Amino acid sequence: QLQASGGGLVQTGGSLRLSCVASGTINSIASMRWVRQRPGKQRELVATISREGNTNYADSVKGRFTISRDNSKTMVYLQMNSLRPEDTAGYYCNAVSLTTASYWGQGTLVTVSS
């Protein structure tokens, strides 16, 4: 029900833009989030955006990553700049509906080479 894309291989300092589209079967999306899982680590909340556009970021990505959304298209984006090797991870989008149902995408892999 969520389809993420945009991952790939990039050098340190480079940029990538991740996209995630929610299917029409998900109604009344409240917040949308990007979560990542680095090798050997637990999942980490990267960024959140509310329906009204309020955003929150993990300290590790503040000033480098920007989350945005297009409510009309039920899409969420993650612009990642100044990438570092420690940003290497599987990135997953998550949508929470107004009824608090949670939906996950399949993830997209980001690899940052040093």
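The values are calculated or read from the model by the stated rules, or taken from the named source; none is laboratory data. Just so it is clear, the structure is predicted and the values come from calculations on it, not from any experiment. Counting neighbours? That spans all protein chains shown, and the Cβs are built from the backbone with ideal geometry, glycine included. Quick note on the areas: whole protein, heavy atoms, side chains included, nothing else; ligands and nucleic acids left out. Shrake-Rupley method; radii C 1.70, N 1.55, O 1.52, S 1.80 Å.
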(message) Can you find, within the range 49-104, the residue that is farthest from the chain's Cα centre (by Cα) among those that are β-branched (V, I, T) and open to solvent by 20 Å² or more (accessible area, probe 1.4 Å)?
(response) T99
(message) Go through (1) at negative phi; (2) free of Cβ contacts under 8 Å to residues at least 60 places away in the same chain for S31 and report which single condition fails.
(response) (2)
(request) Kindly provide the set of residues from the range 76-109 that are of a type in the set (A, V, I, L, M, F, W, C), more than 16 Å from L45 (Cβ to Cβ) and at pLDDT 90 or above, ordered by number. (result) L83, L109
(message) Which pairs turn up if I take residues in the range 91-114 that are over 17 Å from R51 (Cα atoms) and of a type outside the set (S, T, N, Q) and look for partners that are assigned to a strand (DSSP E or B) and open to solvent by 100 Å² or more (accessible area, probe 1.4 Å) with beta carbon separation below 7 Å, at least 6 apart in sequence or on another chain?
(response) Y92/W104; G105/Q3
(message) Return the residues of the range 69-114 that are of a type in the set (S, T, N, Q) and touching a Phe, Trp or Tyr at 6+ places or on another chain (Cβ under 6 Å); say none if nothing qualifies.
(response) N94, T108
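Any idea which residue in the range 16-33 is modelled with the highest pLDDT, counting only those that are open to solvent by 60 Å² or more (accessible area, probe 1.4 Å) and of a type outside the set (K, R)?
Checked the range 16-33; the qualifying residue modelled with the highest pLDDT is S28.
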(request) Test V112 against the stated conditions and say whether it is more than 15 Å from the chain's Cα centre (by Cα) and surrounded by 14 or more Cβ atoms within 10 Å (Cβ to Cβ). (result) yes
